[in-house]
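Each reported figure results from applying straightforward, stated rules to the coordinates on display, with no laboratory input. Predicted model, so just to flag it, every value in this text is computed and none were measured. Cβ sites come from the backbone with ideal geometry, for glycine too, and all protein chains shown count toward neighbours.
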Amino acid sequence: MADCNGVLHEVDVIIAGGGAAGCVVAGRLARADPSLEILVVESGINTKNNPQIIHPAYFPSNLVPDTKTAFFYKGKPSEHIAGRAPIVPTGACLGGGSSINYMMYTRGQAIDYDSWDTEGWSAKDLIPLFRKTEKFHLDDPAIDKSVHGYDGDFNVSRGTFTDKAFQDDFIDSAASIGIKEAVDANNFVEGNAVGRWLMWIDPETGFRQDVPHRLIYPTLDAGNTKLQVLTESKVVRVLFDQSKRAVGIEHISNQASAEGGQPKVVRARKLVVVSAGALGSPQILQRSGIGNEQKLSPLGISTLSAVDGVGTNYQDHDLLVVPYRSKAKPEDTLDGLLSGRLSLKEALKQKTLNPSRNILGWNGIDNAAKLRPSPEEVKALGPTFEEHWNRDFRDQPPRPLALLAVLSSFAGDQSSVPPGQYFTTASYTAYPYSRGSIHITGPSVTDYPDFDSGILSQPVDVTKSVWGYKKQRELARRMKHYAGTLEAGRPKFRDGSKAGFEFVDAKQARGEWEDIEYDAEDDEAIAQFVRENISTTFHSMGTCAMKPLEEGGVVDKHLNVYGVSGLKVADLSICPKNVGSNTYSTALVIGEKAAVIIAEELGITIAEELRIKL
């Protein structure tokens, strides 16, 4: 691996951005053709064997303000979220989100990929690649083994710790309000069930299954390919010849950028692949002269290819986090580790003493769900919501309205709460209607972009989050682990409201467990709570959409950027529509599909490497 001062002049393929998908492309191509000279240029740091990365339990430490492994995009203040400026993290390290995500094994629905309406990208086309990526460790007769893989590079398991008592408690709570348990809610069709969730964690080592540690570092260590990785260096723009063919990139080290230095050039003999994520990739394209001419011209950037969709169609999942006090034992939550009461040294000692049962190999998320409202709930949500529901959800049972995860810890600054045990619910809408955008404000990598997250800009998205809040509250308060709410998780209900926390807790103490009654004023209190607290899942996607140019598309079915040649985009930015899941599995599959496409075009025999038919 080259450091930020590494000097390279020419290679065959340049991967501009070292996130999950880009690293998959690089790893697969390098293994398929060891003679192929591949360079990955990543703006973030090298994370090899970094304890903060490899030990799943420390994942929240990657998102604290002073982290070195994430970059935080600040969006425009918006009236839709109570005047706040949203903060959206992205990976600032090799592997991108794969190195800092929550490791929840959550796959999209088959209908999600079919809805992309792109030849070669349907669920039928992609399921073999989903299978190829994973090494699935759950064996149960109820599981459809035809949709899972059992010899892939990325382990899917229970990790090295599970709090079964908490799992059972959550499942029982769900059953009490009519929500079934599914053994496998990630079979591409289940849209309404709770489950005992799996993790992207090795069940033996307890290590995170990020792309660098599974594909890139082993390949580099073997030393038998011509793969090279340059970290701490930002891609400024893609370079083109007179025929508009991509022939290289300009890049600048983070240090040189901070000191006002000049970019360096690396030439690409065969291909440039932009893979800097949904917030990074459109900026690289725009700085390269690909985008909306009316936005580029005032910045002094000549338009090479007028592709108006670059930077538009920004999508995320709207996240609402609600913390609760827990009756769990100290050893059964992550609070001790994340607060520092349990040191890394002691946790590693415990792992040595009991490798198969230790807290380091756990993300704290043993339960999650994909949820749909009942017909009665749909009616109660009002005519506008019902119209959207009837159009987009009613006749598509696999499509969840919301996703729900439960973390056995306080999800936030541990110093802000008294020492103790907590659990946190995270409800997030699966298919928000709101859209945002990101556009450069100048030709330099130091010019901060104009970022509009678009969160809750469509009012019906507020309604979805209100429903998600109510559903998680009914689940949480019925759990035996429930020990009360925190101020941070309380909408401001009026005095005397039947939805008030004291009122509801008093009824529960008397053994009265009916569903909470909310009136219109209560709903507005929850809606305001949503506006004041909604945040990102950092599931950013859509800004270089794979669809026709005239429909706002940026790339075609082969991931080629419109109007130029020798340039592809391969990351979550190409998703034209959202997926009802966490996005890591989709990022992996985009990388796998891109590797197949590129190999075929370069004449590389990759079928054996991918174990699928091209």
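Each Cα pair under 8 Å and six or more residues apart adds its sequence gap; the mean of these over the residue count of the stretch 476-524 is a relative contact order of 29 percent.
Here's how it looks for residue 441: its modeled amide H is under 5 Å from those of 450, which are all 5 or more places away or on a different chain.
Rounded to the nearest 20 debye, the dipole size of the chain about its Cα centre is 940 debye, using +1 on the Cβ of Lys and Arg and -1 on the Cβ of Asp and Glu. Write down Rg/Rh for the stretch 294-345, rounded to two decimals, with Rg from the C-alpha atoms and Rh from the Kirkwood relation over Cα pairs. A ratio of 1.45. Listed by chain and number, the aspartates and glutamates whose alpha-carbon sits under 12 Å from that of residue 557, ignoring those within fewer than 8 places in the same chain, are 117, 119.
Measure out, as a whole number of angstrom, how far apart the alpha-carbon centroids of the stretch 127-190 and the stretch 48-63 sit. Taking the Cα centre of the stretch 48-63 as reference, the centre of the stretch 127-190 is 23 Å away.
What is the Cα convex hull volume of the stretch 544-611 when expressed per residue in Å³? Convex hull volume per residue, Cα atoms: 82 Å³.
The C-alpha atoms of the chain define a longest principal axis, and helix 344-353 lies at about 80 degrees to it. Angle of helix 20-32 to the longest C-alpha principal axis of the chain, folded into 0 to 90 degrees and rounded to 10: 50°. Normalising the average separation of contacting C-alpha pairs (under 8 angstrom, six or more residues apart) by the number of residues puts the relative contact order of the chain at 22 percent. In the structure shown, do any of 327/464; 379/470; 164/329; 74/492; 76/295; 329/351 have a Cα-Cα gap over 21 Å, and if so which? Distance filter (> 21 Å) returns 327/464; 74/492. A simple packing score, the average count of other Cβ atoms within 10 Å per residue, orders the peptides 349-360, 557-568 as 557-568, 349-360, with the highest score first. Report note on the peptides 241-252, 544-555, 195-206, 489-500: ranked by the mean count of other C-beta atoms within 10 Å, highest first, their order is 195-206, 544-555, 241-252, 489-500. Most tightly packed first, judged by the mean number of other beta-carbon atoms within 10 Å of their residues, the peptides 503-516, 272-285, 322-335, 368-381 read 272-285, 322-335, 368-381, 503-516. Summing charges over neighbours of residue 11, with a neighbour being any other residue whose Cβ is under 10 Å away from its Cβ, gives +1 when K and R count +1 and D and E count -1. Computed per residue of the chain from DSSP H runs no shorter than four, each worth -39500 (n - 2.57), the mean residue ellipticity at 222 nm is -8000 deg cm²/dmol.
Taking the empirical scaling 2.2 N^0.38 Å for compact globular proteins as reference, the chain has a Cα radius of gyration ratio of 0.94.
Here the chain carries DSSP beta bridges of which approximately 65% are antiparallel, counting only pairs with both residues inside.
A crude spin-label estimate for the pair residue 9 and residue 142, with each label 7 Å from Cα along the Cβ direction, gives 6.3 nm. Listed values for the stretch 171-178 are Karplus-derived 3J(HN,Hα) couplings in whole Hz (6.51 cos²θ - 1.76 cosθ + 1.60, θ = phi - 60°), namely 4, 5, 4, 4, 4, 5, 10, x, and x replaces Gly and Pro. Annotation: amide H-H contacts under 5 Å for residue 318 (H modelled 1.01 Å from N, sequence separation of 5 or more, or interchain): 429. Against the chain, whose longest principal axis comes from its Cα atoms, helix 459-477 is set at around 50 degrees.
Here's the picture: a label point sits 7 Å out from the Cα of residue 168 along the beta-carbon direction, and within the stretch 333-352 the residues with their amide nitrogen under 18 Å of it are 333.
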